[in-house]
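First the structure, which I've put down as structure tokens, then a few questions once you've had a look.
The values are calculated or read from the model by the stated rules, or taken from the named source; none is laboratory data. This one's a predicted model, so the numbers in the text were calculated from it and none came from an experiment. Neighbour counts run over all protein chains shown; Cβ positions are idealised from the backbone, glycine included. Please note that ligands, DNA and RNA were not included when accessible areas were found on the heavy atoms of the full protein model with its side chains. Shrake-Rupley method; radii C 1.70, N 1.55, O 1.52, S 1.80 Å.
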Amino acid sequence: MKGKKIILGITGSIAAYKAAYLIRALVKKGAEVQVVITPAGKEFITPLTLATLSCHPVISDFFSNRDGTWNSHVDLGLWADAMLIAPASASTIGKMARGIADNILVTTYLSCKAPVFIAPAMDLDMYAHPATQQNLDTLRSYGNHIIEPNTGFLASGLEGKGRMSEPDDIVNVLNDFFISSNDLQKKKILITAGPTYEKIDPVRFIGNYSSGKMGFALAEACAARGGNVFLISGPVVLKTKHPSIKRIDVESADEMYEEAVRLYPSCDMAILCAAVADYRPEHSVSEKIKREQNDVLKISLVRNKDIAATLGSGKKNHQLLVGFALETKDGITHARDKLQRKNLDVIILNSLNDKGAGFGYDTNKVTLIDKSGWETHLPLKSKTEIAEEITDYLIKSMISTV
């Protein structure tokens, strides 16, 4: 963590006293710490203590003086290598999840380009409440890292889950993140995501229900680990966050094929997550087809080019090729067949039969199968978490091929 710039956000919680230990541990590791505290946080620990330990003035208001100077949350968000909110109260977690920017901590969070780590601290009933859990799920879906609280004695005198994780454990989480964040340094990663649209006429198309969420989560996960990501995206409403992601927007399967074939020779790995249409209309027309002119409309379909098979046929020894399979029946059998036929190294299977998995959901449940026949099953989790676990596995696979 030497030289890393950390924003430490402190909220109104009795666990705020632990922030003093956190700052000392981070500084000892070589990090530079800038404290941002909410008004309620100052009731639990003084800015003087925090400024003394961090060697930086504590930021608690937008305007420090009456002379027109102000604290820029935008500059703070660009300065940081990571933002840590510890302790994170239920109130601040709710504001972060909903974008309620009524203090400088939340506005800094909303402007932050760096990874965000959140260490909740509250009474057990507050932590277990569905509203808090939903807000934490929302923050996870944004790509934030939740450092789970411990079970123990709480300020209320009760015992249960809600006690902020210990400072040394929190620092270890950040330290491990920075150690692993360069695993894909200088690696070029190609990822396809979303659906493709195959034109029938100017207003109609053949497509599917893919939202692109899994592919975009994988792009963010690979970029966070140091990868230089080329994301070929079908028509989706999602946005990329990490600056190391170069996005290429396409519409049709042919367009996605051309970009994938162009980019793959220079890449170290490709993850083919897009739900590419297998067929397209043989002929599309330039004018809208009128219903009144056709009692029965017949559309002749032709097969699209196979991106996975084409990349697999030209794959070099140092390259890793990863495919996805979505099945409704005999998923393992079909996935294994696809793995072999298309010369993939790994195939990731999910099923429309699994509740909460597949198209449209923020969660997923997948099975990874490699060319040796080995399987691993990842239970239902957010697509962000699934993407991180897939990335961990693929990094190990890349190392084993070197």
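If the chain between Lys396 and Asn208 were fully stretched, how many nm would it gain, using 0.36 nm times the residue separation less the Cα-Cα distance? Walk me through the numbers on the way to the answer.
Working: separation 188, 0.36 × 188 = 67.68 nm, distance 3.25 nm.
Full extension of this stretch gives 64.4 nm more.
While we're here: Can you send over the carbon and sulfur percentage of the accessible area for the chain, probe radius 1.4 Å, protein chains only?
Details: 10250 of 19900 Å².
Of all accessible area on the chain, carbon and sulfur atoms account for 52 percent.
Further question: Set the Förster distance to 45 Å, then compute FRET efficiency between Lys246 and Ala40 from the Cβ-Cβ distance, nearest 0.05. Write down the numbers at each step before the final one.
Numbers: r = 42 Å, r/R0 = 0.92.
So the FRET efficiency works out to roughly 0.60.
Right, something else. Spelling out what I want: for every residue of the stretch 284-291, take phi, set θ = phi - 60°, compute 6.51 cos²θ - 1.76 cosθ + 1.60 (Karplus), and round to whole Hz; glycine and proline get x.
Working through the residues one at a time gives 10, 10, 8, 10, 4, 6, 8, 4 Hz.
Skip the ligands, DNA and RNA, and give the accessible area per residue of the chain with a 1.4 Å probe, whole Å².
Values: 19900 Å² over 402 residues.
Averaged over the residues of the chain, the accessible area is 50 Å².
Ranked from the most accessible area to the least, with a 1.4 Å probe and all protein chains present, what is the order of Asp345, Asp295, Asp168? Walk me through the numbers before you get to the answer.
Values: Asp345 10, Asp295 155, Asp168 105 Å².
Descending accessible area places them as Asp295, Asp168, Asp345.
Take the alpha-carbon centre of the stretch 302-323, take the same for the stretch 226-261, and report the distance between them in whole Å.
17 Å
Let me ask something additional. Tell me whether the stretch 139-212 comes out rounded, prolate or oblate; compute the Cα gyration tensor, take square roots of the eigenvalues as a ≥ b ≥ c, and use a/c under 1.5 as the rounded threshold. Don't skip to the answer; put the middle values down first.
Values: a/c = 7.22, a/b = 1.99, b/c = 3.62.
Oblate, since a/c reaches 1.5 and b/c is not below a/b.
Let me ask another. Excluding residues on the same chain fewer than 8 positions from Lys329, give the aspartates and glutamates whose Cα lies under 15 Å from its Cα.
Qualifying aspartates and glutamates at Cα under 15 Å: Asp337, Asp354.
Still on this structure, please answer the following. Within the stretch 181-298, what is the number of lysine pairs with alpha carbons under 18 Å apart, leaving out pairs fewer than eight places apart on the same chain?
12
Continuing with this model, one more query. List the lysines whose Cα sits under 18 Å from the Cα of Lys342, skipping any in the same chain fewer than 8 residues away.
Partners found: Lys305, Lys315, Lys316, Lys371.
Packing-wise, with mean Cβ within 10 Å as the measure, how do 371-379, 349-357 rank, highest first? It would help to have the intermediate numbers written out before the result.
On the way: 371-379: 10.8, 349-357: 16.0.
For the peptides 371-379, 349-357, the packing ranking is 349-357, 371-379.
So what is the relative contact order for the stretch 218-361, in percent, with contacts set as C-alpha pairs under 8 Å and at least six apart? List each step's numbers first, then the result.
Numbers: 184 pairs, mean separation 25.5, N = 144.
The value is 18 percent.
Of the labelled options [x] 50; [y] 42; [z] 35, which one gives percent of Cα pairs over 33 Å apart as computed for this structure?
So the structure-derived entry is [y].
If the reach is capped at under 19 angstrom between alpha carbons, list the aspartates and glutamates near Lys338, excluding any in the same chain fewer than eight residues apart.
Cα-Cα hits under 19 Å: Asp278, Asp306, Glu327, Asp330, Asp370, Glu375.
Something else about it: Between Leu297 and Lys28, what length comes free when the chain is fully extended (0.36 nm per residue of separation minus the Cα-Cα distance, one decimal in nm)?
89.6 nm
When DSSP assigns beta bridges and you keep just the ones with both residues in the stretch 178-301, what percent turn out antiparallel, to the nearest 5?
Bridges in the stretch 178-301 that DSSP calls antiparallel: roughly 20 percent.
Now for a separate question. Of Lys290, Lys305, Lys338, which is the most mobile in a GNM of the chain whose springs link Cα atoms less than 10 angstrom apart?
Its mean-square fluctuation being the largest, the pick is Lys290.
Moving on to the next point. How many lysine pairs in the stretch 1-123, separated by 8 or more positions in sequence or lying on different chains, have Cα atoms less than 22 Å apart?
Count of close lysine pairs: 17.
Still on this structure, I have one more. Packing-wise, with mean Cβ within 10 Å as the measure, how do 26-33, 383-390 rank, highest first?
Working: 26-33: 17.6, 383-390: 22.4.
By packing density, highest mean first, the sequence is 383-390, 26-33.
Rounded to the nearest 5, what % of DSSP beta bridges with both residues in the chain are antiparallel? Show your work: numbers first, answer last.
Details: 20 of 63 bridges.
Around 30 percent of the beta bridges assigned by DSSP in the chain are antiparallel ones.
Specify the residue with the greatest mean-square fluctuation among Glu255, Glu287, Glu198, computed from a Gaussian network of the chain linking alpha-carbon atoms under 10 Å apart.
Of Glu255, Glu287, Glu198, the Gaussian network model singles out Glu287 as fluctuating most.
What is the sum of charges around Val237, taking Lys and Arg as +1, Asp and Glu as -1, for the other residues whose C-beta is under 15 Å from the C-beta of Val237?
Details: positive: Lys213, Lys239, Lys241, Arg247; negative: Asp249, Glu251, Asp362.
With Lys, Arg at +1 and Asp, Glu at -1, the net is +1.
What number comes out for the charge environment of Ile179, summing +1 per Lys or Arg and -1 per Asp or Glu over other residues with Cβ under 12 Å away?
Working: positive: Lys2, Lys4, Lys29, Arg225; negative: Asp176, Asp183.
Computed value for this residue: +2.
Give me the number: length gained by fully extending Asn150 to Glu282, i.e. 0.36 nm times residue separation minus the C-alpha to C-alpha distance, one decimal in nm.
41.5 nm
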